[in-house]
Structures are given as structure tokens and as C-alpha cells.
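**Student:** One structure coming up, written as C-alpha cells, with questions to follow.
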Amino acid sequence: MHNDPPPPSRPSFGIQGPVVAFTDPWAGDASDAIMRTGTGVPIPSQDPPASPSQFVAELSDLGADFYVHHVVPTEDDPAEMLRDLTAAGIDVVLGNEYGNINGPHVAGTNRYDVPSAVIRAAAEAGRLAGVLYDEPEHLQIHADQYRKDAHLPHFGQTDGMAAETAVAVIDATVRGIVSDVESAAGSTASGVPVLSEQVFPVMFHTLARAGMTPCPKVMKESFQPLQLAAALGASLQYGREFWICADLWGPDIGPWLTRAPGFPGHSPGEFASALRLAYLFAPDRLFVENIDVLVRHLGEGEFRRTAHGEMWREFVREFVPAHPLRWSHRDARPDIALVHADDSDFGRGQRPFGNRRATAPETSRSVFEAWHLLSHGRIPADGSCLHIPGYDFPRHQLNDIPCPQFPLESPAPEPTEMHGLFQPLRNVLAFDEHVDARRLAGAGLVLVVGSRLPQATRGTLRAQADAGATVAIASWLAGSEWSRTEVVGDGRWIVFDDLGDADLHEAVAPHLGSADRWTQRFGDIELRIEAASPTGETLEFEIADASALAVTGGRGIR
């Protein structure tokens, strides 16, 4: 068995391996012979190589409980790595990104599966913490991201399929992957999480239903409240673990060491706030992508922490011990539940579930309008992340700089920032169209949008209204039997044709909370988040002990 799980007051912390800073400590030059990033251009290592012992010592100094290792597909003997990590008491998560980029691919897909022998060895060594699938939602929708020879989506071909059929194809493949990982891990490991590490806030529920563990990326190009509400809702609905990746690739530039355009694309201050945010959501595990921007290797085992590295070490060594958690992500409960089917659309409407012969249903755009409404208009009404028209990334200013000139000590004398961490939202969790009454319990407002809704779930929603909730449902989902607005039992059933409806806004307004605050409730604890800077790049936190009647006390966190 791998290490006993950490106590409830502390998630397990991890660091992902190098992609441009220096060669993989165990694969050596073989790791420079492949493409280790999704940039589309090879980026040679920038620092002298570090030996395995030097690298593992640095992981320990940075406070890593586990190491996220993307398997080099030409070097699949993990024995030396496992020996070194075991000596340091560090677990391993095995990732598939390098194989996705370079191959070999599973026949008929753009997907690399970590070899069973590698999984088995890590499990038998007692070090296996998880198997990570890197951005599988991205590679299902955008099948030609890395593989250019054919359109071969990550989990299977969906051309010409209706949404339900495409979901069934994905579901069957994912269940097979999860089963294969469990078989490879064998009796030496129990319930090894198979992670869906995602940049786009779609397919969390689809993949969690099939057995994957949601692992949202924070920072990156995300709207943080939307990203976390969707992933956490999926984790709770389907009983999965909840992991978070603090991904430093992003859109911005500034006066910090930069390894490649957008790497890092978030300031040290934003990174510090993002780490605190992720920690206070009390995940099972939290890791940073990547070590490249935490340290420079100067040679002979001498590492120098960057500004981002100082933020990470302060977080692990000082902030976490000073702020023990009294709650778990499993305690999260919604005051507002957003219910919608997954159409894998983040705003472009193209290739739903990888289907080139279709566009997302027009009704699926109501999901974006719902987030816009719930966030007091701060999340756009036409998409769920920054990968939609209207956003220009400052990192593009660095695209013409030749690779050999990196790393840059300070590509911009002042930060050029367009990404922040804050939008207001009041205790929102997102669930899919199969949600049951247990997950909706306690929600004062249930907002139902999207493209489809099973009859059984419609009955569950009606019962929630009868029990006292305000259920606001799109007219195309309400069904002929409940097609008009009315008082139902102790609650209300509100039918609307579009989310701009004035009566809908009047009914929803009392539930939305402050336009200056983002909150998430964990049992009787409420996490309160406010912007600490005009752009929302940095955050302030308050922990409030709440009862059904009133807030009884609060504790600020700076």
C-alpha cells in the first residue's frame, strides 16, 4: 500500500516534474529527444541536468508529499525512480502527457495509456498515488491538438452521433481505462484514482460518472468560481476524490523569470492567492505544474528558488501549518444548485464531444447565461473560460523570441495582466442532468438550464420545489405537465423562456448574495473570498462559522 492518507486537516501536496528547466532526472537526454510541452515546438532544457538524488532532495526541501511524473514513452522502466522516491518517502502520480504528445497512441485514438507494467511496479513499491490523464476533455474535443495525421478523439470516434450516444462511447472507454488501472495496480493498491486533469470546465460530470477523479486546473485560463463549482459538484455527485492542479501556464507576462511564453503566465502574487484558494477548498491532493518555475538549477545540485518558488515554500511551510482545516471538500453543500446536461461546449460551439459533423445545441448556451446571471454579470454570457473570442493574451508578445533566448529574467518591467482569480458567486455547485435529491438538499435556489433533462430528474426537481426551494427551469425542459410558473407546496416553480426575463431576475435576486464576494459553504463553515486588488489577481479570505440562523463568528486570512 502507498502512504497512509494525510490527516483531515491537510491535503497532500505534490510537484510536477520538469518540462523545460532540465532533463528528466531518470531519463536524462532521452527526455530532450521528445517534445515535453504542448506548445508545438521543441524547447531544449535550459539548466544543467540534475541527478536523481539532487532532484529528490529538492522535492523534499520544497515539501512535496508526491511527485507527478509524466512517463517518457521511450523510457518505461521506473525501478530507479521508485527506489529514489521510496528512500525519500515521496509518492508518485504517473501521467500520460508525453505519450499524448509524442505517441505511441492507443489504436484509433490520440491517447497514450501508461503501461500496465509501470503502474504495477509503482503499486508494488507502495508509492502509487494516482494515474493522471492530462486534459482528456481537451483532446476529446480537439482531437488534432497533437496528432495531425487523422481525427482520432481521446476516448473514441463520435462523428455523426447524438450527444447521448457520444457520451455512451466515452463512458464505456473510460470505464475500461479505470478497470485496467485497477487490474494493473492489483491487490497492492486499493481504489487508485484515475485523474481527469482539466483546463476546460466541461465533461467533469461525464468523466466522473464513468469513474475518473475530477482534477480542475486553477489559474491557467479559467474563471475560478465556475471551474471549482463544476468540478466539486461532479466529485460530490459521483462520490469521487477531489484534486486540484495549480497550473502556472497562463496568459500574462511580467517582471518574473519566464521559461517560455506564458510559463509562468501568472504573477507570484496570483500564485500565492491561488494556492491558498485551492487549499481552502480542502481537496484530497493539491499539486503545482511545474517545478520549472519554482527553481533554477545552477549545477552541481545547487538550486535557487524563483519568486514563484518562494511563494510555494512559504505556502507549504508557513501558511498551511498556521491555518489547519476543520472541513473537507466532502462537506460542501449548495445554497444555489445549477443543473444542466453536459454538451462539452465552453463557448465555441464546435465539435461537441469531438463530433465534427455537429455543433452544440443552441439551448446549451443557456449554461453560459446562467453563470453570467449567478455571478452578477462578471462571468461572460458567451463562454465558460478565456478560450473564447474577446480575450487577447499578453503572452503572445513573447512568441517571436527564439527559444535559445529563454529563460527571460524579466520580460516585462511591469505586469501586463488580464487574468484574475475573482468573480462573485454565492455557494454554487453544478450538477448534471442525473442529479438526485440528496445533492440538492438545502439549496434555496435550483437553476435548471441546458439542452436536455430526463423525466426522472424533472420529478426530483419538482419535489424540491414542493419542499420549499425556488426552482427556476427553462421552458424547453419543464415538460408539458409543469409548463407554467406557480407556487408548489412550500416553494416556487418558475418557468422562463430566456435568462433575461425580468420575473426570473426578480425571483433569483434574493439568492445571489453580494456582488463583491464569492462564498462556498462546507457544512457549518463558510469560506468567504473577496478581491484584494482591482483586477482580482489577489484575494482575501475569511472563515465564518455559520448556523441556519446567523453567522456566529469570522476569522480573516491574509
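The values are calculated or read from the model by the stated rules, or taken from the named source; none is laboratory data. Model, not experiment: these values are computed from the prediction. Positions of Cβ are generated from backbone atoms using ideal geometry, with glycine treated the same way; all protein chains shown enter the neighbour counts.
**Student:** For region 216-242, enumerate the residues that are part of a strand (DSSP E or B) and more than 25 Å from Leu374 (Cβ to Cβ).
**Tutor:** none
**Student:** Within region 165-198, count every residue that is touching a residue at least 60 places away in the same chain (Cβ under 8 Å), within 21 Å of Gln237 (Cβ to Cβ) and in contact with a Lys or Arg (Cβ under 8 Å, 6 or more places away or on another chain).
**Tutor:** Summing the residues that are touching a residue at least 60 places away in the same chain (Cβ under 8 Å), within 21 Å of Gln237 (Cβ to Cβ) and in contact with a Lys or Arg (Cβ under 8 Å, 6 or more places away or on another chain) in region 165-198 gives 3.
**Student:** Within region 79-131, can you find the residues that are assigned to a loop (DSSP other than H, G, I, E, B), over 30 Å from Asp149 (Cβ atoms) and more than 24 Å from the chain's Cα centre (by Cα)? Steps first, please.
**Tutor:** Restricting attention to region 79-131, the residues satisfying the condition of being assigned to a loop (DSSP other than H, G, I, E, B) are 89-90, 96, 103-115, 125-127.
Now restrict to residues that are over 30 Å from Asp149 (Cβ atoms): 89-90, 125-127.
Those that are assigned to a loop (DSSP other than H, G, I, E, B), over 30 Å from Asp149 (Cβ atoms) and more than 24 Å from the chain's Cα centre (by Cα): Gly89, Ala125, Gly126.
**Student:** Can you work out which of the residues in region 264-276 that are surrounded by fewer than 24 Cβ atoms within 10 Å (Cβ to Cβ) and in contact with a helix residue (DSSP H, G or I) (Cβ under 7 Å, 6 or more places away or on another chain) is nearest to Ser45 (Cα to Cα)?
**Tutor:** Pro268
**Student:** A further question follows. Within region 48-71, track down each residue that is touching a helix residue (DSSP H, G or I) at 6+ places or on another chain (Cβ under 9 Å), closer than 19 Å to Ala27 by Cβ and surrounded by fewer than 16 Cβ atoms within 10 Å (Cβ to Cβ).
**Tutor:** Ser53
**Student:** Can you report the number of residues in region 321-355 which are surrounded by fewer than 18 Cβ atoms within 10 Å (Cβ to Cβ) and aromatic (Phe, Trp, Tyr)?
**Tutor:** Of the residues in that region, 0 qualify.
**Student:** Hey, can you tell me all the residues within region 534-558 that are among the small types (Gly, Ala, Ser), part of a loop (DSSP other than H, G, I, E, B), surrounded by 12 or more Cβ atoms within 10 Å (Cβ to Cβ) and modelled with pLDDT under 95?
**Tutor:** none
**Student:** Only one residue in Leu128, Leu85 is touching a Lys or Arg at 6+ places or on another chain (Cβ under 6 Å) and farther than 24 Å from Lys220 by Cβ, so which one is that?
**Tutor:** Just one listed residue meets the conditions, Leu85.
**Student:** Given Val435, Val367, which one is among the β-branched types (Val, Ile, Thr) and outside any loop (DSSP other than H, G, I, E, B)?
**Tutor:** It is Val367.
**Student:** Looking for whichever is within 20 Å of Pro251 (Cβ to Cβ) and among the acidic types (Asp, Glu) here; the options are Asp342, Asp331, Asp392, Asp335. Which one fits?
**Tutor:** Matching residue, one of Asp342, Asp331, Asp392, Asp335: Asp392.
**Student:** Going through region 97-148 one residue at a time, which ones are crowded, with 24+ Cβ neighbours inside 10 Å and of a type in the set (S, T, N, Q)?
**Tutor:** Once the filter is applied, which keeps residues that are crowded, with 24+ Cβ neighbours inside 10 Å and of a type in the set (S, T, N, Q), region 97-148 yields Asn100, Asn110, Gln140.
**Student:** Considering only residues that are small (Gly, Ala, Ser) and over 25 Å from Trp312 (Cα atoms), which ones fall in region 64-79?
**Tutor:** Ala79
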